[in-house]
Amino acid sequence: MHMTNTTSPTTDATPSARADELLRLHEAPELLQLVNVWDVVSARAVAALPETRALATASHSIAASFGYPDGEAIPRDLMLDMVGRITAATELPVTADLEAGYGDAGDTMRRAIAVGVVGANIEDELKPLREATAVMAAVVAAGEAEGVPVVLNARTDAFLRGGDRAIDVIVADAIERGRAYLDAGAACVFVPGNFGEDVVVQLVEAFGERRLSVIGLPQLPSPARLAELGVARVSYGPYVQRVALTALQDVASALYAGGVIPTATRALN
């Protein structure tokens with residue numbers, strides 16, 4: 001059963017129950033689509049849609065909203081404060097982009113759980129495999145210690161930091177890392193990159209069905225096709241905020257040119 005969409009604070013679902021629901025959404029035959037949010041008003045706007053089953057924060061977008069670049073430049077407490085405001089605004093499970101864990105992924109995960117988070121992205125930054133796997137294991141252990149079965153979306157940067165390596169080398173690296181993270185307790189492996197269906201098939205075959213997470217970039221198959229291929233989850237990172245800011249600039253330009261607010265505008269706050 002899907003959790004009820006609402007924009008009021010959570011009152012009945014426990015963190016453990018939310019985590020169980022988030023894991024179920026990853027394992028279900030339907031593709032889990034996560035339209036990333038970055039503040040309370042964006043979270044409420046997305047949560048109000050009947051198709052929304054969970055929320056995911058975008059670290060890049062949260063940082064940008066406070067004037068910081070991506071890459072853990074925003075202070076951890078400030079980022080977690082916004083994440084907590086988002087979790088307090090919905091009964092839906094919330095998974096947070098915690099970047100690379102701010103130097104102590106286990107402690108960052110514990111702090112995120114304290115503000116209502118039940119899932120997380122953690123980047124491996126292509127650290128040596130043993131070190132990166134230990135980071136993922138620390139996140140899982142933090143959830144166990146807090147009594148919340150955290151849904152870890154373990155991200156490998158094999159494609160993002162692959163440089164000029166051959167595609168087969170990059171895919172092999174992503175597979176080796178992903179399998180290690182799954183063995184460490186991750187629910188799925190996040191492999192961001194602008195690749196085609198052939199790579200998706202290789203990754204699903206390596207990890208198993210409903211264990212791969214991707215970002216919705218132009219070369220990837222459609223959501224319907226991703227579901228057919230056995231992908232668990234697709235998210236959109238900072239691109240949703242960019243769409244919103246593009247719309248803001250466009251309406252501002254139209255108003256400067258003598259236009260009016262579009263009649264189809266909805267009150268979402």
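Bear in mind these aren't lab numbers, they're just calculated from the coordinates by the rules spelled out. Note that the coordinates shown come from a computational prediction; the quantities given were computed from them, not determined experimentally. Because the Cβ atoms are built from the backbone with ideal geometry, glycine has one as well, and the counts that use them run over all protein chains shown.
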> How many angstrom lie between the C-alpha centres of the range 148-171 and the range 76-142?
Replying inline: 17
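Can you compute the helix-only [θ] at 222 nm over the chain? Use -39500 (n - 2.57) per DSSP H run of at least 4 residues, normalise by all residues, nearest 500 deg cm²/dmol. Before the final figure, lay out each step's value.
Details: 10 runs with 122 residues, N = 269.
Using -39500 (n - 2.57) per qualifying helix, the result is -14000 deg cm²/dmol.
So how do Leu55, Leu126, Leu80 line up by other beta-carbon neighbours within 10 Å, fewest first? Intermediate values should be presented prior to the final figure.
On the way: Leu55 25, Leu126 16, Leu80 21.
In order of increasing Cβ crowding within 10 Å: Leu126, Leu80, Leu55.
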> How far, in degrees from 0 to 90, does helix 197-207 lean away from the longest principal axis of the Cα atoms of the chain, to the nearest 10?
Replying inline: 60
>> Can you give me the C-alpha center-to-center distance between the range 42-64 and the range 210-269, rounded to a whole angstrom?
In response: 11
> Against the longest principal axis of the chain, how steep is helix 239-256, in degrees 0 to 90 to the nearest 10, with axes from Cα atoms?
Replying inline: 20
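Test of understanding: what is the full-extension gain from Ala73 to Glu146, defined as 0.36 nm times their sequence separation minus their Cα-Cα distance? Mind showing how you got there, number by number?
Numbers: separation 73, 0.36 × 73 = 26.28 nm, distance 2.71 nm.
Stretched fully, the Ala73-Glu146 segment lengthens by 23.6 nm.
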> Among the GluC sites (Glu not before Pro) within the range 32-128, which fall in a DSSP loop and have no more than 16 other Cβ atoms within 10 Å of their own Cβ?
Replying inline: Glu51
> What nm distance separates the two modelled labels at Thr14 and Arg225, each placed 7 Å from Cα along Cα→Cβ?
Replying inline: 4.3
>> With a 10 Å cut-off between alpha carbons and a GNM built on the chain, which of Arg44, Arg179, Arg161 moves the most?
In response: Arg161
> Angle, helix 15-27 long axis vs. longest principal axis of the chain, Cα atoms, 0 to 90°, nearest 10?
Replying inline: 80
